[in-house]
1. In the chain, what cysteines have no partner Cβ closer than 4.7 Å?
2. What does the accessible area per residue of the range 1-151 come to in Å², with a 1.4 Å probe and no ligands, DNA or RNA counted?
3. Taking the alpha-carbon distance from Lys19 and a cut-off under 18 Å, which aspartates and glutamates remain once sequence neighbours fewer than 8 residues away in the same chain are dropped?
4. Please report the antiparallel percentage of the DSSP beta bridges confined to the range 1-47, to the nearest 5.
5. Counting only C-alpha contacts under 8 Å and six or more residues apart, can you give the relative contact order of the chain as a whole percent?
6. Counting only protein heavy atoms, what percent of the accessible surface of the range 1-128 is carbon or sulfur at a 1.4 Å probe?
7. In straight Cα distance, which aspartates and glutamates are under 13 Å from Lys77, not counting same-chain residues fewer than 8 positions off?
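The values are calculated or read from the model by the stated rules, or taken from the named source; none is laboratory data. In this text the structure is predicted, and so the values were computed from the model without any measurement. Note that we place each Cβ from the backbone using ideal geometry, even for glycine, and neighbour counts take in every protein chain shown. To get the accessible areas, we keep the full protein, side chains included, count just its heavy atoms, and leave off ligands, DNA and RNA. Shrake-Rupley method; radii C 1.70, N 1.55, O 1.52, S 1.80 Å.
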Amino acid sequence: EGFEIKGKVYGIYCENNAKPTIIENYIECNSTSRNACGIHNISYACPIIRHNLIFGHGYFSSCGIVNSEYSNPVIDKNIIYGSLSFTSIGISYGIYNFRSSPTISNNAIMSGNGSTSYGIFIMGSSSPKITNNTINSFSIFSSANSKFSYGISNFSNCSPIIINNTINCGYGSEKAYGIYNAAYSSPTIKNCIIYSLNTASSSRYGINRKH
């Protein structure tokens, strides 16, 4: 509690059923040559993450928080940035979920800028509960735009619950999505405000559905 934590690959790394409480910290991971992640949860890690300022800032890809391999943390009342600026040549994620079902509530989430940017990315049969967040697929630190931007991206065989969120689909120059749903996904979406201020993109979608 109350720490300033800076790393090159991970700010904080939780694994193997770890259940720490991570509260009121400044967490930054900054790499000019590698991937970077503010907090990485893997292998059934279930921390409580609350009231933190979290930055991921990598060269190839950047993540604010990664949840993978059955990690189900509580992520509540944080400010989360996938990346700080447009020096990433890869992908930026606010929160990345793979085979994990966290509870994500009351956060301000920004993807940051990469060639592709995601506010929240969901795949691998994940079923997160996403409520009362402000989700933006862009960065306030840079005027540069991604080619493809997604507020929430929901891949096949995933079934997130998405309720009472405000979602900006971002400034993707080619495509911008508020909520992207791949084939065989089954989200529950209620009471969300989904919008775009992007007038430059050739294709903008509030919610799409592939069958």
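1. Cys14, Cys29, Cys46, Cys158, Cys169, Cys192
2. 39 Å²
3. Qualifying aspartates and glutamates at Cα under 18 Å: Glu1, Glu69, Asp76.
4. Bridges in the range 1-47 that DSSP calls antiparallel: roughly 0 percent.
5. Averaging sequence separation for qualifying contacts and normalising by length gives 12 percent for the chain.
6. Exposed carbon and sulfur together represent 53 percent of the surface.
7. Excluding near neighbours in sequence, the set is Glu24.
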